[in-house]
Amino acid sequence: MKQQTQKQRHDAPEKLDLFRDTFRGKMPLTDDYVFHAVFGRDTAESKGALMEILNIILARKQDPIRAIVIKNPIEIPDREADKESVMDIRAETESGELLDIEMQAGDLQFYQNRALFYGSRLVNSALQVGEKYDKMKKSIVISITKGRLFPSLEDCHNIFEVRDRKRGLLLCDRLELHFLELSKIDDQKPVHALTEIERLGAYLKFANIENRQDYVKQILTMEDIDMTENAYRKVTEDELEYERRESRFRYQLQRNTELSVARNEGEAIGLKKGRTEGEAIGLKKGRS
């Protein structure tokens, strides 16, 4: 009976039109708002989806995370009031691991420093006042980037730790930084030839692209990410959620435009001032 249920689960995505009656095509999982709406809410659906992707990224399928607490759930009124907020997800597992997860689709300049800052913030909270250092909780930062962050590294998933520079000796295992670069996913590979982490990356990258629907369905038959797909579908079926995402997108676009205009105006004023001052100095020297 269990084998039949498993087969039914794997057959279902092939028959389902993932884009029917949804705003899926306009709500990519690589958008930080959509990502947080799917994985960052204090609901059973979000927490189940988050545990699914964490167990893949952290290679915890043999010892899976079974319970998690979202430490910074953002409610809808907060989102409406703060369209500029960085939507990282802070969570704690049942074993006490502290996590910070972020989808980063924008500028990656200095992003390594930002990830380290997130890690230091977690480490700073990993020990309560009066506790001994052996009780320090493990801090894990997971950054999923749409762009390429480490051009010299071939793997899409790279893990950084605190180690000795010469010998590679691990100082301690209390801090890990994971980077999943979606731009490095080779989508020309057959789905069965991808690793688990590559399949997850491909799903996050292509989940909203209709002409890659068959590819995404193949991933869903091979990876146990049903809760993720169900949570994503629920968000993309919600017209109000779509409008909130669009509102945030328009605000950010307008804000970026205003900053660009201000920058250009500042440069123009600076050039004009420099030219005027240069001409004045030249005239003064000419008279001397």
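Details
- Subset tally (residues that are more than 22 Å from Y33 (Cβ to Cβ), modelled with pLDDT under 95 and surrounded by 14 or more Cβ atoms within 10 Å (Cβ to Cβ)) for segment 86-120: 0
- When segment 121-142 is filtered for residues that are part of a helix (DSSP H, G or I) and open to solvent by less than 40 Å² (accessible area, probe 1.4 Å), only L122 remains.
- The single condition among (1) surrounded by fewer than 16 Cβ atoms within 10 Å (Cβ to Cβ); (2) in contact (Cβ under 8 Å) with a residue 60 or more places away in the chain that D32 does not satisfy is (1).
- Output for segment 199-209, where each listed residue is within 15 Å of S143 (Cα to Cα) and either of a type outside the set (G, A, S) or in contact with a His (Cβ under 6 Å, 6 or more places away or on another chain) (or both): L200, L204, K205
- Cross-chain or 6+ apart pairs with Cβ under 6 Å, segment 214-234 first and under 23 Å from A44 (Cα atoms), then open to solvent by 40 Å² or more (accessible area, probe 1.4 Å) and among the charged types (D, E, K, R): A231/E45
- Candidate set from segment 231-253 (those that are at pLDDT 85 or above and aliphatic (A, V, I, L, M)); member that is most open to solvent (accessible area, probe 1.4 Å): L240
- Remark: pairs (first residue in segment 136-147, without any contact (Cβ under 8 Å) to a residue 12 or more places away in the chain and more than 10 Å from D173 (Cβ to Cβ); second residue open to solvent by less than 10 Å² (accessible area, probe 1.4 Å) and polar (S, T, N, Q); Cβ separation under 6 Å; 6+ apart in sequence or on different chains) are absent.
- In segment 143-186, the residue that is surrounded by the most Cβ atoms within 10 Å (Cβ to Cβ) out of those that are outside any loop (DSSP other than H, G, I, E, B) and acidic (D, E) is E181.
- Evaluation of K61 against (1) closer than 21 Å to L220 by Cα; (2) modelled with pLDDT of 95 or more (one fails), failing number: (2)
- Filtered residue count, segment 195-213, keeping only those that are touching a residue at least 24 places away in the same chain (Cβ under 8 Å), open to solvent by less than 40 Å² (accessible area, probe 1.4 Å) and among the aliphatic types (A, V, I, L, M): 4
- The lone exception for K47 - which of (1) assigned to a loop (DSSP other than H, G, I, E, B); (2) without any contact (Cβ under 8 Å) to a residue 24 or more places away in the chain; (3) of a type outside the set (S, T, N, Q) it fails: (1)
The values are calculated or read from the model by the stated rules, or taken from the named source; none is laboratory data. Computed from a predicted structure; not experimentally measured. Note that we place each Cβ from the backbone using ideal geometry, even for glycine, and neighbour counts take in every protein chain shown. The protein model used for the area step is the full one, side chains on, heavy atoms only, and it has no ligands, DNA or RNA in it. Shrake-Rupley method; radii C 1.70, N 1.55, O 1.52, S 1.80 Å.
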